[in-house]
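Reviewing the structure listed below.
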Amino acid sequence: MVVRGVNVPLRYEFVYDERMGIRLPALQHDWEEYSPSERADILMEWEEIRSTIPDRIIKLEAMIIEKQTQLDVEEDFPRSCQLNSEIHEIASVINDLNIWFRVQQDYETKIHG
(Lines give C-alpha, C1' and ligand atoms only; values in the text may rest on other atoms or scores of the structure.)
Protein backbone atom coordinates (compact mmCIF):
# COMPACT_ATOMS: atom_id res chain seq x y z
CA MET A 1 0.00 0.00 0.00
CA VAL A 2 1.31 3.49 -0.83
CA VAL A 3 0.53 6.38 1.52
CA ARG A 4 1.87 9.84 0.57
CA GLY A 5 4.43 8.29 -1.76
CA VAL A 6 5.76 5.85 0.86
CA ASN A 7 5.31 2.09 0.71
CA VAL A 8 3.52 1.00 3.87
CA PRO A 9 3.40 -2.76 4.45
CA LEU A 10 -0.07 -4.21 4.64
CA ARG A 11 -1.08 -5.43 8.06
CA TYR A 12 -2.67 -8.47 6.46
CA GLU A 13 -2.21 -10.70 3.46
CA PHE A 14 -3.75 -13.73 1.80
CA VAL A 15 -1.41 -16.69 1.44
CA TYR A 16 -1.96 -19.60 -0.94
CA ASP A 17 -2.58 -22.85 0.91
CA GLU A 18 -1.53 -25.81 -1.23
CA ARG A 19 -3.72 -28.30 0.65
CA MET A 20 -6.86 -26.19 0.38
CA GLY A 21 -6.19 -24.89 -3.10
CA ILE A 22 -7.14 -21.32 -2.13
CA ARG A 23 -5.55 -18.26 -0.55
CA LEU A 24 -6.26 -17.90 3.15
CA PRO A 25 -6.12 -14.76 5.29
CA ALA A 26 -3.00 -14.17 7.35
CA LEU A 27 -3.96 -11.41 9.74
CA GLN A 28 -1.20 -9.98 11.92
CA HIS A 29 -3.63 -8.37 14.37
CA ASP A 30 -6.92 -9.09 16.09
CA TRP A 31 -9.92 -8.24 13.92
CA GLU A 32 -10.92 -5.37 16.21
CA GLU A 33 -7.53 -3.67 15.68
CA TYR A 34 -8.14 -3.13 11.97
CA SER A 35 -9.72 0.12 10.82
CA PRO A 36 -13.15 0.01 9.19
CA SER A 37 -11.46 0.64 5.85
CA GLU A 38 -9.01 -2.23 6.34
CA ARG A 39 -11.83 -4.51 7.42
CA ALA A 40 -13.80 -3.63 4.30
CA ASP A 41 -10.74 -4.33 2.11
CA ILE A 42 -10.09 -7.65 3.83
CA LEU A 43 -13.73 -8.70 3.54
CA MET A 44 -13.91 -7.69 -0.12
CA GLU A 45 -10.81 -9.71 -1.01
CA TRP A 46 -11.97 -12.63 1.13
CA GLU A 47 -15.39 -12.60 -0.58
CA GLU A 48 -13.69 -13.00 -3.97
CA ILE A 49 -11.70 -15.97 -2.66
CA ARG A 50 -14.65 -17.37 -0.72
CA SER A 51 -16.80 -17.39 -3.85
CA THR A 52 -14.44 -19.98 -5.39
CA ILE A 53 -14.88 -22.46 -2.51
CA PRO A 54 -18.07 -24.18 -3.77
CA ASP A 55 -16.43 -24.96 -7.13
CA ARG A 56 -13.34 -26.24 -5.34
CA ILE A 57 -15.53 -28.52 -3.20
CA ILE A 58 -17.32 -29.86 -6.31
CA LYS A 59 -13.95 -30.78 -7.86
CA LEU A 60 -12.84 -32.51 -4.67
CA GLU A 61 -16.11 -34.42 -4.42
CA ALA A 62 -15.56 -35.65 -7.99
CA MET A 63 -12.10 -36.87 -6.93
CA ILE A 64 -13.68 -38.79 -4.04
CA ILE A 65 -16.21 -40.41 -6.37
CA GLU A 66 -13.41 -41.43 -8.72
CA LYS A 67 -11.40 -42.95 -5.87
CA GLN A 68 -14.47 -44.73 -4.48
CA THR A 69 -15.06 -46.22 -7.93
CA GLN A 70 -11.46 -47.46 -7.95
CA LEU A 71 -11.89 -48.81 -4.43
CA ASP A 72 -15.01 -50.77 -5.43
CA VAL A 73 -12.97 -52.91 -7.83
CA GLU A 74 -9.61 -52.87 -6.05
CA GLU A 75 -8.49 -56.31 -4.90
CA ASP A 76 -5.06 -55.37 -3.58
CA PHE A 77 -5.42 -54.70 0.16
CA PRO A 78 -2.50 -52.21 0.49
CA ARG A 79 -3.85 -50.26 -2.51
CA SER A 80 -7.34 -50.30 -0.93
CA CYS A 81 -5.86 -48.85 2.25
CA GLN A 82 -4.08 -46.17 0.21
CA LEU A 83 -7.31 -45.22 -1.60
CA ASN A 84 -9.17 -45.05 1.73
CA SER A 85 -6.46 -42.77 3.09
CA GLU A 86 -6.67 -40.52 0.03
CA ILE A 87 -10.47 -40.36 0.30
CA HIS A 88 -10.18 -39.46 3.98
CA GLU A 89 -7.70 -36.64 3.24
CA ILE A 90 -9.88 -35.16 0.48
CA ALA A 91 -12.92 -35.33 2.77
CA SER A 92 -10.89 -33.53 5.44
CA VAL A 93 -10.06 -30.74 2.97
CA ILE A 94 -13.75 -30.43 2.05
CA ASN A 95 -14.62 -30.13 5.73
CA ASP A 96 -11.99 -27.42 6.24
CA LEU A 97 -13.18 -25.55 3.13
CA ASN A 98 -16.73 -25.58 4.52
CA ILE A 99 -15.41 -24.06 7.74
CA TRP A 100 -13.53 -21.36 5.80
CA PHE A 101 -16.65 -20.70 3.73
CA ARG A 102 -18.46 -19.68 6.94
CA VAL A 103 -15.66 -17.38 8.13
CA GLN A 104 -17.02 -14.21 6.52
CA GLN A 105 -20.41 -14.76 8.11
CA ASP A 106 -18.65 -14.86 11.48
CA TYR A 107 -16.79 -11.59 10.79
CA GLU A 108 -19.93 -9.86 9.52
CA THR A 109 -21.68 -10.88 12.74
CA LYS A 110 -18.84 -9.30 14.74
CA ILE A 111 -19.07 -6.09 12.72
CA HIS A 112 -22.84 -5.76 12.97
CA GLY A 113 -23.24 -7.36 16.40
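The values are calculated or read from the model by the stated rules, or taken from the named source; none is laboratory data. As the structure is a prediction and not an experimental result, all values here were calculated from the model. Note: ideal-geometry Cβ built from the backbone for every residue, glycine included; neighbour counts use all protein chains shown. SASA here: full protein model, heavy atoms, side chains in, ligands and nucleic acids out. Shrake-Rupley method; radii C 1.70, N 1.55, O 1.52, S 1.80 Å.
Answer yes or no as to whether A62 is open to solvent by less than 70 Å² (accessible area, probe 1.4 Å) and either farther than 16 Å from E13 by Cβ or more than 14 Å from the chain's Cα centre (by Cα) (or both). Lay out the reasoning, then the answer.
Values: open to solvent by less than 70 Å² (accessible area, probe 1.4 Å): yes; either farther than 16 Å from E13 by Cβ or more than 14 Å from the chain's Cα centre (by Cα) (or both): yes.
Yes, satisfied.
Does R50 satisfy being open to solvent by 50 Å² or more (accessible area, probe 1.4 Å) and of a type in the set (K, R)? Spell out the reasoning first.
Details: open to solvent by 50 Å² or more (accessible area, probe 1.4 Å): no; of a type in the set (K, R): yes.
No; evaluated as a whole, the condition is false for this residue.
I'm trying to understand the selection: among the residues of segment 10-27, which are assigned to a loop (DSSP other than H, G, I, E, B) and open to solvent by 60 Å² or more (accessible area, probe 1.4 Å)?
Those that are assigned to a loop (DSSP other than H, G, I, E, B) and open to solvent by 60 Å² or more (accessible area, probe 1.4 Å): L10, R11, E18, R19.
List pairs: first residue in segment 83-100 and modelled with pLDDT of 95 or more and open to solvent by less than 40 Å² (accessible area, probe 1.4 Å), second residue in a helix (DSSP H, G or I) and among the acidic types (D, E) anywhere in the structure, Cβ distance under 8 angstrom, at least six positions apart or on different chains.
As it stands, the answer is I94/E61, since those pairs meet every condition given.
Sort out which residues of segment 66-82 are part of a helix (DSSP H, G or I) and surrounded by fewer than 11 Cβ atoms within 10 Å (Cβ to Cβ), and write them in order of number.
D72, V73, F77, P78, listed by residue number.
Which of the following residues is more than 24 Å from N95 (Cβ to Cβ) and in contact (Cβ under 8 Å) with a residue 40 or more places away in the chain: R39, R56?
Only one candidate passes the filter, namely R39.
Cβ contacts < 7 Å: first residue free of Cβ contacts under 8 Å to residues at least 12 places away in the same chain, restricted to segment 69-82; second residue surrounded by 11 or more Cβ atoms within 10 Å (Cβ to Cβ) and assigned to a helix (DSSP H, G or I), any location; separation 6+ or different chain. Result?
What qualifies is E74/S80; E74/L83; S80/L71.
In the set D55, D41, D30, which member is open to solvent by 90 Å² or more (accessible area, probe 1.4 Å), at pLDDT below 95 and of a type outside the set (F, W, Y)?
Testing whether each residue is open to solvent by 90 Å² or more (accessible area, probe 1.4 Å), at pLDDT below 95 and of a type outside the set (F, W, Y) leaves just D30.
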